[in-house]
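Reading through the structure tokens given below for one structure.
The values are calculated or read from the model by the stated rules, or taken from the named source; none is laboratory data. Quick caveat: nothing in here was measured; it's all calculated off a predicted structure. When we count neighbours, we look across all protein chains shown, and the Cβ atoms used for this are built from the backbone with ideal geometry, even at glycine. To get the accessible areas, we keep the full protein, side chains included, count just its heavy atoms, and leave off ligands, DNA and RNA. Shrake-Rupley method; radii C 1.70, N 1.55, O 1.52, S 1.80 Å.
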Amino acid sequence: MHTKSLTELSQGLRNREFSSVELTQHFLDRIKRYDGQLNSFITVTEEVALAQAKAADELLQAGNPSSPLTGIPLAHKDIFCTNGIKTSCGSKMLDNFVAPYDAHVVSKGQAAGLVMLGKTNMDEFAMGSSNETSYFGAVKNPWDVQAVPGGSSGGSAAAVAARLAPMATGTDTGGSIRQPAALCGITGLKPTYGLVSRFGMIAFASSLDQGGPMAASAEDAALMLNAMVGFDPRDSTSLEREAEDYTAQLNNSIEGLKIGVPSAFFSEGLDPRVAAVVEAAIKEYEAAGATVQDVTLPNNHLSVPAYYIIAPAECSSNLARYDGVRFGYRCDKPKDLIDLYKRSRAEGFGSEVKRRIMVGTYALSAGYYDAYYLKAQQIRRLISEDFKQAFSEVDVIMGPVSPTPAFNLGEKTDDPVTMYLSDIYTISINLAGVPAMSIPAGFVDNRPVGLQLIGNYFSEAKLLNIAHQYQQRTDWHAKVPAAFA
Amino acid sequence: MSWEVVIGLEVHAQLATRSKIFSGAATAYGAAPNTQACSVDLGLPGVLPVLNQEAVRMAAKFGLAIGASVSPRSVFARKNYFYPDLPKGYQISQYELPVVSEGTLLIELEDGTEKVIGVTRAHLEEDAGKSLHEDFQGYTGIDLNRAGTPLLEIVSEPDMRSAKEAIAYMKKLHSLVQYLEICDGNMQEGSFRCDANVSVRRVGAAEYGTRAEIKNLNSFRFVERAINFEVERQIELIESGGKVVQETRLYDAEKNETRSMRTKEEANDYRYFPDPDLLPLVVEADFLQQVKAELPELPDDKRQRFMTQYGLSKYDASVLTASRELADYFEEVVQSSECEAKLCANWVMGDLAALLNKNDLEITESPVTAAHLAKMIRRIADNTISGKIAKDVFEAMWAGEHDGDADGIIEAKGLKQVTDTGAIEKLVDEVIAANPGQVEAYRGGKDKLFGFFVGQVMKVSKGKANPAQVNDLLKKKLDA
């Protein structure tokens, strides 16, 4: 059952081949059996899952499912607040935090009849590219448990790759859906900023954070996206648009598709073996009738420095609420107020989070604001302009997701700058707010490599179509790590 | 060497919205601690602010009322600092681009001269909660009911030159925000409070002196006292060879002094930056047009109208337009009594104001309604009662006799004025007959005794005789 697509699972449930309770139990069993090796879940919500499955079965039996996905299980990244269930954000700071509300994404999932298996592991407050900054321990890559799964949605990526969940939510601030999707060999999509409500999604960098689907295939991701998108008046940056069926264009022909390939994405720092996989994937598109041309993103090289000003600046402010006063971790026996603040935050946050808070605080300080934050915002506008220009020439931009395949656990933990530089291909997308995907395109040393598809604003259906057409011609997305088959 | 005082005020007016500026929690004052703080006010993880449009409408109203520009695009910024009653670790405010900028307010000084005070800007922001230090031994309690309450911070130019001017400005603002129905003006509850920036310089100096900011003044009296104390402190300091340092000072009402809270060096670096959770605030021209159409008559316009329409003096018009409710009351009295406006003004500003004052009541709480007062004034005008008797009638109305109905009271107490010439003549004759000595003295040239006869007649008539007729008849008989 765990290798079936969402469409197959949906049909199976409707045809009474299996019940939602059976399906859910199957995944719960797999989590029990395998997650000791992967550490992809922080919390498994067995009781909730079985109760939701039972309710879904009733709807299915009554012939009244609330959506095509009714009765199918999913996992939520532990950044999404879940009413009555611990929401840790991968941090000691929130190890004791039980949200009194559901994130919009969580309630939308419930409304669609989805079954929550649990909450997946992640880099602390979504800050990291390897899932090693989690207070709950690193997640292992199912393709090679010596390797990182990527981050920050590493738990979701690993759980889907090992088929411990048919799909999982992720969030992407600078690549946190796409990079772990690439490193774990699954399909992940970061939607246009504003498409998925941020309500109840714990903030890292508010102007960049965006939730999105992580699943085995583009078709699954499209179905899942249908259950995530929707205007939410509780999020002022949520966009009010007419509802769209993201599966509608999946089978469109891509004959004549204009692919832009920025030479900047294939320069120094890119592992030539990764480059070869990406180039082969683009060739596959050419074989399907697409044309390839060069596009320039002249300011892409500025994206990492701009991002590492803007994201920490916002995070330094967003994380100020974790002060030990109202909820979350509080240090033992504080002497006074300052001691309470200092020790609660020093003890409750991990080193990567503290590093970014300090960088952001510095960047916003009087006398530095213009040189750092304002400058970074100017670069951000230039980067958006670059994409607008590029999309006046091409339909989609393709390139690598990550310069290397998954690296080994512990390999880069002492070198934050190298870690930051590995975000070079994903960060500009968040700065511009455009949508992008990662799809499995091959392997290097038995570790998956992803192909990145970047689209213009609101082109999710088109991107999913382009990804789906590739997946019709290849089977990288269908591969499951042998140890978890 | 004489000194010039320079004052600028920052007034925080709590906007009278039903819910908070960025959440749906109620803003009502006085609820049990933390019962009016929702997840947004508590700053829980993952929650987001959503701007209350009503607060924007109120800010726009204010902007239009002071002839300011209401910005088509303004930006909410985060002011970052740690404090236990600041749940998110930042206050959402407006920094570089406020919603209202460059307005003016006309103030009137005691000697009748007028002065224009510049309003630099007014911006929207959220209030913080309260720290309660008294009730918990060794602990501080936090009440977040107030957290997220909308405030309009109104910043003046340093245009005021005395505590009196500052008070006049603050009172004018206080009246205006109530006119506009954007703030209840309740200073005890902190709905209207102010910080004062005070400096002194030698008369004729080109540069401003170094200023001190006095925090959180919540009564007109405190503002005046604090400024006067601070001015003296600064002058003495400079004259004794010292230097004023830029700092924030706190006014201690009990000791009537200001004392240093923190110097400029100790001030927080608030690390302002645009709040990424909120889009820039866009005020459309249509919306502004609609707000403009809804604007009530403003105090200055109303005062002018009272002078021209009712022929009132500037002073009377100023007093009667000090609040919208008082002005409305007065106009209702005029309209429903159909009597001379000056007579109505005298009653509203005189006996009514005195009793309200004595009982510490607002005009809206007056036990005598405008309609009832109008009815009584009509009885004065149509000679049913004299002005003097009217005072008794009014007191009975205030006490609620006959449901405040003047006619009922006049009837029941037999206060109706005697205007029958025959009856009055009879009383006059009695008095003349009873006081032969005084009659002789009067006729011998003691004119002053005329008042004595009037008093006697009124006395025997129990005040009910028409005074004009009494005068006429007495004159005729005594001078005959």
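Averaged over peptide A:317-329, the number of partner chain Cβ atoms lying within 10 Å of each residue's Cβ comes to 6.
Given the rule -39500 (n - 2.57) for each run of at least 4 DSSP H residues, summed and divided by the residues of chain B, what is its mean residue ellipticity at 222 nm, to the nearest 500 deg cm²/dmol?
Values: 17 runs with 188 residues, N = 480.
Helix-only estimate at 222 nm: -12000 deg cm²/dmol.
Measuring r between the beta carbons of B:Asp111 and B:Glu4 and using R0 = 25 Å, the FRET efficiency lands at 0.85.
In region B:131-190, which trypsin sites (Lys or Arg not before Pro) are in a loop and have at most 15 other Cβ atoms within 10 Å, using DSSP for the loop call? Those that pass, being in a loop and sparsely packed, are B:Arg161.
With 24 Å as the limit, the listed pairs B:Lys413/B:Lys475; B:Lys358/B:Lys416; A:Lys283/A:Lys462; A:Lys4/A:Lys119 have B:Lys413/B:Lys475; B:Lys358/B:Lys416 beyond it between alpha carbons. Sorting the segments B:384-394, A:319-329 by their mean number of nearby beta carbons within 10 angstrom, highest to lowest, gives A:319-329, B:384-394.
Over all directions, how big on average is the projection of the convex hull of the alpha-carbon atoms in region A:152-290, in square nanometres?
Working: hull surface 39.2 nm².
Projected over every direction and averaged, the Cα hull of region A:152-290 covers 9.8 nm².
Distance distribution P(r), region A:6-257, all Cα-Cα pairs, bin width 5 angstrom from 0: 1, 7, 15, 19, 21, 18, 11, 6, 2, 0, 0 percent.
Estimated at 0.36 nm per residue, the fully extended path between A:Leu59 and A:Glu46 surpasses their Cα-Cα distance by 2.7 nm. Each residue of region A:286-301 was assigned a 3J(HN,Hα) from its phi angle through the Karplus curve 6.51 cos²θ - 1.76 cosθ + 1.60 (θ = phi - 60°); the sequence is 4, 4, 8, x, 8, 10, 10, 9, 7, 10, 10, 10, x, 9, 4, 5 Hz, with glycine and proline shown as x.
Of the whole protein surface, B:Cys38 contributes about 40 Å² of accessible area at a 1.4 Å probe radius. Helix B:163-179 and the longest principal axis of the C-alpha atoms of chain B enclose an angle of approximately 90°. Note on region A:1-18 and region A:353-385: Cα centroid distance 48 Å, given to the nearest whole angstrom. Mind giving me the FRET efficiency for B:Asp420 and B:Phe452? R0 is 30 Å, r the Cβ-Cβ distance, nearest 0.05 is fine. With a Förster radius of 30 Å, E is 0.80.
Would you kindly state how much longer the chain becomes between B:Arg443 and B:Glu207 on full extension, computed as 0.36 nm times their sequence separation minus their alpha carbon distance, in nm to one decimal? Please report the intermediate quantities before stating the final value.
Values: separation 236, 0.36 × 236 = 84.96 nm, distance 7.52 nm.
Answer, rounded to one decimal: 77.4 nm.
Taking Cα centre as origin and charging only the Cβ of basic (Lys, Arg, +1) and acidic (Asp, Glu, -1) residues, the dipole magnitude of the protein assembly as shown rounds to 840 debye. Of the residues A:Ala248, A:Gly174, A:Leu164, the one whose Cα sits farthest towards the positive end of the charge dipole of region A:6-257 is A:Leu164 (charges of +1 on Lys and Arg Cβ, -1 on Asp and Glu Cβ, taken about the Cα centre).
Rounded if a/c is under 1.5, else prolate if a/b beats b/c, else oblate: with a ≥ b ≥ c from the C-alpha gyration tensor eigenvalues square-rooted, which is region A:119-233? Note, shape of region A:119-233 comes out oblate.
Remark on B:Ala77: its backbone amide H falls under 5 Å from those of B:Ser93, B:Gln94, B:Tyr95, B:Asp275, a criterion applied only to residues 5 or more positions apart or on other chains, H modelled at 1.01 Å from N. List the lysines whose Cα lies under 16 Å from the Cα of A:Lys354, skipping any in the same chain that are fewer than 8 positions away. Answer for A:Lys354, where 16 Å is the Cα cut-off: A:Lys92, A:Lys342, listed by chain and number.
Within 10 Å, count the other beta carbons around each residue, average over each peptide in B:104-112, A:95-103, and list them highest first. Don't skip to the answer; put the middle values down first.
On the way: B:104-112: 13.8, A:95-103: 18.7.
Result, highest mean first: A:95-103, B:104-112.
Rounded to the nearest whole Hz, the Karplus-based 3J(HN,Hα) values (6.51 cos²θ - 1.76 cosθ + 1.60, θ = phi - 60°) of region B:275-286 follow the sequence 6, x, 7, 10, 6, x, 7, 9, 10, 6, 4, 4, with x at glycine and proline.
Here's the list of aspartates and glutamates a cross-link from A:Lys54 could span, going by alpha-carbon distance under 19 Å and ignoring same-chain residues fewer than 8 apart: A:Glu17, A:Glu22, A:Asp29, A:Glu46. Its Cα gyration tensor gives region A:301-379 an equivalent ellipsoid. The semi-axes, each the square root of 5 times an eigenvalue, are 29, 12, 9 Å from largest down.
Stretching B:Gln289 away from B:Glu395 to a fully extended chain increases their span by 33.4 nm, per 0.36 nm per residue minus the current alpha-carbon distance. The modelled label-to-label distance for the pair A:Glu347/B:Glu332, using points 7 Å beyond Cα in the direction of Cβ, is 6.3 nm. Positive end of the dipole of the protein assembly as shown (Cβ unit charges, origin at the Cα centre): among B:Gln94, A:Gly455, B:Ala468, the Cα lying farthest that way belongs to B:Ala468.
For region A:22-63, backbone nitrogen atoms closer than 15 Å to the point 7 Å from A:Val145 Cα along Cα-to-C-beta are found at A:31-41. Amide H contacts of B:Glu257 (H built 1.01 Å from N, in plane; Pro and chain starts excluded): B:Asp252 sit under 5 Å, all sequence-distant by 5 or more or on other chains.
Label separation (B:Glu411 vs A:Asn15): 9.4 nm, computed from points 7 Å beyond Cα along the C-beta direction. The mean number of Cβ atoms from other chains found within 10 Å of a Cβ in peptide B:6-18 is 0, as a whole number. Report the Cα centroid-to-centroid distance between region B:452-466 and region B:302-358 in angstrom, as an integer. Value for the Cα centre distance between the two parts: 31 Å. When peptides A:192-204, B:17-29, A:213-225, A:289-301 are sorted by average Cβ neighbour count within 10 Å, with the highest value leading, the order is A:213-225, A:192-204, B:17-29, A:289-301.
Ranked by solvent-accessible area (1.4 Å probe, protein heavy atoms only, all chains present), the residues B:Thr421, A:Thr173, A:Thr361 order from largest to smallest as B:Thr421, A:Thr361, A:Thr173. Across q = 0.05 Å⁻¹, the protein assembly as shown modelled as identical point scatterers on its alpha-carbon atoms has Debye log10 I(q)/I(0) values of -0.44, in the order of the q list.
Roughly what percent of Cα-Cα pairs across chain A reach past 35 Å? Please report the intermediate quantities before stating the final value.
Working: 29953 of 117370 pairs.
Of all Cα-Cα pairs in chain A, 26 percent lie more than 35 Å apart.
From the square roots a ≥ b ≥ c of the eigenvalues of the alpha-carbon gyration tensor of chain B, which class results: rounded (a/c under 1.5), prolate (a/b over b/c), or oblate? Judged from the Cα gyration tensor, chain B comes out prolate (a/c at least 1.5, a/b above b/c). For the residues of A:107-118, the average number of beta carbons from a partner chain within 10 Å of their own beta carbon is 0. Sequence-ordered 3J(HN,Hα) estimates for region B:130-136 from the Karplus curve with 6.51, -1.76 and 1.60 and θ = phi - 60° stand at 10, 9, 10, 8, 7, 7, 10 Hz, glycine and proline given as x. Oblate is the label for region A:59-180, because a/c, from the alpha-carbon gyration tensor with a ≥ b ≥ c as root eigenvalues, is 1.5 or above and a/b does not exceed b/c.
For region A:469-485, the residues whose backbone nitrogen is under 14 Å from a point 7 Å from the Cα of A:Phe443, taken along Cα to Cβ, are A:475-485. Relative to one another, the C-alpha centroids of region A:200-257 and region A:76-110 are positioned 20 Å apart.
In this rough spin-label picture, where each label sits 7 Å from Cα along the Cβ direction, the A:Asn251-B:Thr308 distance is 7.7 nm.
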